[in-house]
Every structure is written in C-alpha cells, then in structure tokens.
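The values are calculated or read from the model by the stated rules, or taken from the named source; none is laboratory data. Just so it is clear, the model here is predicted, and its values are computed rather than measured. All Cβ positions, glycine included, derive from the backbone under ideal geometry; neighbour counts span all protein chains shown.
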Amino acid sequence: MRWLIGIGAVFLTLWCGWWFAGRYVILSQTEQLIADQRASGAMLDLPGFGLTGFPSRFDLSTESIAYSDPSGMIRYQGGAAYAYAMTWKPWHLVFWLPDSQVITLGDQVFQLDGSKLHASLRAAPALDLPLALAAFSAETLNVTRNSGLSLGFGPSSLRIEAADAPNSYHLGATLTAIRPDPAFLATLAAVELPQAPESALPAQIDRFHFNTIVTLTAPLDRHAGATNPQVVSVGITDISLTWGELQLVTSGNIAPDSEGFAAGTVTLTVRGWEQLPRLLVAAGVIAPNMAGYLSSMLRGMAQQNAETQEVRMDLVLKDGLMNFGPLPLGPAPKLGALPAPQG
C-alpha cells in the first residue's frame, strides 16, 4: 500500500512541477515578447496579464490588448480577452475574444462588434508545432469601416484544418444571416432593368458556405515566417450562396500558371438566375446596357435545362485574365507560387 502512496506522491509532485514550470515559461516568454516588440519600435500592451488555473489548466487573461507595428500602419485595440489550455495538452489553445475590437490597416479602420467571439488554435504535438486546426466562431458580428461601409453576420464560423496531403489544408466558412451594406442594398433597389423580375432580393443573405483544399509550398508551422508558404493550388469543393430566390454553387480547381497568375476553370450553377443581371449591375461588374444581353443569354441557357431551369457557366482563368462565360471580368489574381520547372 505504501508503494502506491509513494507513486501517487511522486506523480503529484511531478504534475505540480510541470504546471509551475509551464507558468514560468509562459510568463517569461510573454515578457520577452513585449520587450522584443518595443525594441523593434512596435508596441504591445497587455495590462493585467496573468496566469491561473492550477493544477489542471493554464488560464491566461488580460484586461485589454493594444498593438501597433513599427510603422504605425497596422494597429489593434480590444478589451478583455481570455485563453486557456489544458495542462496535458498545452499545444491546444481556446480563446474568448473581446466583443469590441478596432483594427487599423493603413488609412482603413475596421470596427468589429459581436457576441460570443470564440477561437481555437491547435498544433500537432511536434517540435515544429505544425498547424492542426485554427477556428473562429461568432454568434453575431458586425464589421464597420471608417468609410461607412458595414457588413453584419448571424451565427458564423471560419476554419482551417490540416489535410492528409503534405502542406495541404481544408479552408471552410459558414456564414448565415448576412446583412449587406445598406448603401449597396439601396443601389441594388435603384437598378431598373426592363427584363428584371418584380420580386427583389431580400435585405438579408440566408447563407454562404465555403469549402476548399489549399496546397502550399511549405507547412504552416513555427518556421512559416522564414519559409513564407505560397499557394500552389486551390481545389474548390463547394462555394455556395443562398439569397432569396438566388442560389449559386461553384466547384473547380485553380493553380498558378507560368507567370504566377491563377489559372483553371470554376463551374458555376445558378438557380433564380433572373436576379443575377440586376445584382451584377449594382456591384459594378457589368454596365447597365449589358444587362439585357446577359438576361437573354441566361434565359437561353436555362431553357437547355427545362426541368430545373438551372444555368451552368464556367469561370475561366487563363493567360492572366478572367472570363465568366462570354463576359470579360478583368485580370486574374496572382497566387504567388510558380509551378516547378519540368525536366
């Protein structure tokens, strides 16, 4: 019996030692991080930063967060924030983020206001700390830019998770109850087209879903700052949007061409296509005098699918340009990673 008590005492001592060692490392590394940032000309302020949770968790908290990069062009300010990790898996962090945050990018200022803003960051248990999962969720979220532009969301989530293939990751998002900018809705309502349907799109987008597999040149781990991972390919499993009568579903594959421009074909399936010309005019994608031509073209394509009245079109990215069916959309984006030379 005594040997069992002895083993238990040793285990308890080691466990307590592990927690206090972890506490020392976290606090000392945080102090070093703040000092390094200030030495580089940046500013990082975490007033009231502390660590509790003995013996089963590392509970971190701060009264507020303030950051500014050395140039002052990138700034962040938020209220109280909390994070915790279980003692036996410190590589998995869970965050409660401030309900109100301000992000500054150059001359653009974004105000974020929401509720139940949660995030999770999990690395694989390895020395390089490769990313296993990063996720964010919100019960409500409203984003306002200093230009007056605003966008609101209901229950929504974002996710990036390591895939089975090397350097590949699942990127996903589910956004619901999306409230477009009121100014855009006013522009949309003001568009008058001879062939436009009488029923207008509602003021709220029901759902946007995003699911892709992205392959990079290097893994997302603690060396990412040095390896600078670039996009090699994007496989679109599903990108879909439901907005009243309008439903869009896309799938396809994109990879960089010899110049680094996105190249490939993405197939778009549209239901409620009658709403599309008015939407594209309001978004500035096409000129109003093109709407009639587009409506006639879409009607002809829908008649080929008499049962479903669906329209299927290809977004073709080639030679640095994008074309949606016969409509030119302008230059293709750059992915940044050139394909490996052959031979």
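Considering region 75-93, the residues that are within 20 Å of P47 (Cα to Cα) and of a type in the set (A, V, I, L, M, F, W, C) include one that is farthest from the chain's Cα centre (by Cα), namely A80.
Across region 161-172, which residue is surrounded by the fewest Cβ atoms within 10 Å (Cβ to Cβ) among those that are out of contact with any Asp or Glu (no Cβ under 9 Å at 6 or more places or on another chain), of a type in the set (G, A, S) and part of a strand (DSSP E or B)? Among those residues, the one meeting the criterion is S168. Taking (1) part of a loop (DSSP other than H, G, I, E, B); (2) in contact with a Ser or Thr (Cβ under 8 Å, 6 or more places away or on another chain); (3) within 14 Å of L327 (Cβ to Cβ) in turn, V285 satisfies each apart from (2). Scan region 244-262 and tell me whether some residue there is surrounded by 17 or more Cβ atoms within 10 Å (Cβ to Cβ), touching a Pro at 6+ places or on another chain (Cβ under 6 Å) and part of a helix (DSSP H, G or I). Checked against the condition, which is being surrounded by 17 or more Cβ atoms within 10 Å (Cβ to Cβ), touching a Pro at 6+ places or on another chain (Cβ under 6 Å) and part of a helix (DSSP H, G or I), region 244-262 yields no hits at all. Candidates I178, I236: the one that is modelled with pLDDT under 95, farther than 30 Å from P125 by Cβ, within 16 Å of the chain's Cα centre (by Cα) and in a strand (DSSP E or B) is I236. Is it true that some residue in region 169-187 is in contact with a Ser or Thr (Cβ under 8 Å, 6 or more places away or on another chain) and in contact (Cβ under 8 Å) with a residue 60 or more places away in the chain? For region 169-187, residues in contact with a Ser or Thr (Cβ under 8 Å, 6 or more places away or on another chain) and in contact (Cβ under 8 Å) with a residue 60 or more places away in the chain: absent.
Only one of A165, A135 is more than 15 Å from K116 (Cα to Cα) and among the aliphatic types (A, V, I, L, M). Can you tell me which? Answer to the check: A165.
Does F54 satisfy the condition of being part of a strand (DSSP E or B), among the hydrophobic types (A, V, I, L, M, F, W, C) and either touching an Asp or Glu at 6+ places or on another chain (Cβ under 7 Å) or surrounded by fewer than 17 Cβ atoms within 10 Å (Cβ to Cβ) (or both)? Don't jump to the end; show me each part of the working.
Numbers: part of a strand (DSSP E or B): no; among the hydrophobic types (A, V, I, L, M, F, W, C): yes; either touching an Asp or Glu at 6+ places or on another chain (Cβ under 7 Å) or surrounded by fewer than 17 Cβ atoms within 10 Å (Cβ to Cβ) (or both): yes.
Here the answer is no, as F54 does not meet what is asked.
Given the condition closer than 20 Å to W243 by Cβ, surrounded by 13 or more Cβ atoms within 10 Å (Cβ to Cβ) and more than 23 Å from the chain's Cα centre (by Cα), answer yes or no: does some residue in region 331-343 qualify?
Residues of region 331-343 that are closer than 20 Å to W243 by Cβ, as a first pass: none.
The answer is no, given that none of the residues of region 331-343 is closer than 20 Å to W243 by Cβ, surrounded by 13 or more Cβ atoms within 10 Å (Cβ to Cβ) and more than 23 Å from the chain's Cα centre (by Cα).
In summary, strands (runs of 3 or more DSSP E) completely within region 65-160 and bearing 2 or more residues that are closer than 22 Å to D221 by Cα occur at 81-86, 92-96, 118-123, 131-138. Candidates in region 75-87 are the residues that are touching a strand residue (DSSP E or B) at 6+ places or on another chain (Cβ under 6 Å), at pLDDT 90 or above and among the hydrophobic types (A, V, I, L, M, F, W, C); of these, the one that is farthest from G53 (Cα to Cα) is A81.
For L131, indicate whether it is out of contact with any helix residue (DSSP H, G or I) (no Cβ under 7 Å at 6 or more places or on another chain), modelled with pLDDT of 95 or more, surrounded by 14 or more Cβ atoms within 10 Å (Cβ to Cβ) and of a type in the set (A, V, I, L, M, F, W, C). Talk me through it step by step, then tell me what you get.
Values: out of contact with any helix residue (DSSP H, G or I) (no Cβ under 7 Å at 6 or more places or on another chain): yes; modelled with pLDDT of 95 or more: no; surrounded by 14 or more Cβ atoms within 10 Å (Cβ to Cβ): yes; of a type in the set (A, V, I, L, M, F, W, C): yes.
Answer is no for this residue.
Here's a check for you: in region 94-112, which residue that is loosely packed, with under 14 Cβ neighbours inside 10 Å and either touching a residue at least 60 places away in the same chain (Cβ under 8 Å) or touching a strand residue (DSSP E or B) at 6+ places or on another chain (Cβ under 7 Å) (or both) is farthest from A123 (Cα to Cα)? Looking at the filtered set, the residue picked out is Q108.
Selection of region 310-325 for residues being in contact (Cβ under 8 Å) with a residue 24 or more places away in the chain, in a strand (DSSP E or B) and farther than 15 Å from G252 by Cα yields only V311. Can you spot a residue in region 20-35 that is free of Cβ contacts under 8 Å to residues at least 12 places away in the same chain, under 28 Å from the mean Cα position of the chain (by Cα), in a helix (DSSP H, G or I) and closer than 30 Å to V109 by Cβ? Yes, there is a match, as at least one residue in region 20-35 is free of Cβ contacts under 8 Å to residues at least 12 places away in the same chain, under 28 Å from the mean Cα position of the chain (by Cα), in a helix (DSSP H, G or I) and closer than 30 Å to V109 by Cβ. Hey, can you tell me all the residues within region 254-282 that are touching a residue at least 60 places away in the same chain (Cβ under 8 Å) and either within 30 Å of Q230 (Cα to Cα) or of a type in the set (G, A, S) (or both)? I254, A255, P256, D257, S258, E259, G260, F261, A262, A263, A282 - these are the residues of region 254-282 that are touching a residue at least 60 places away in the same chain (Cβ under 8 Å) and either within 30 Å of Q230 (Cα to Cα) or of a type in the set (G, A, S) (or both). Answer yes or no: is there a residue in region 234-241 that is surrounded by fewer than 17 Cβ atoms within 10 Å (Cβ to Cβ), in contact with a Phe, Trp or Tyr (Cβ under 9 Å, 6 or more places away or on another chain) and not β-branched (V, I, T). Yes, because at least one residue in region 234-241 is surrounded by fewer than 17 Cβ atoms within 10 Å (Cβ to Cβ), in contact with a Phe, Trp or Tyr (Cβ under 9 Å, 6 or more places away or on another chain) and not β-branched (V, I, T). Within the option set R222, R271, being of a type in the set (D, E, K, R) and at pLDDT 90 or above holds for one residue only, R271.
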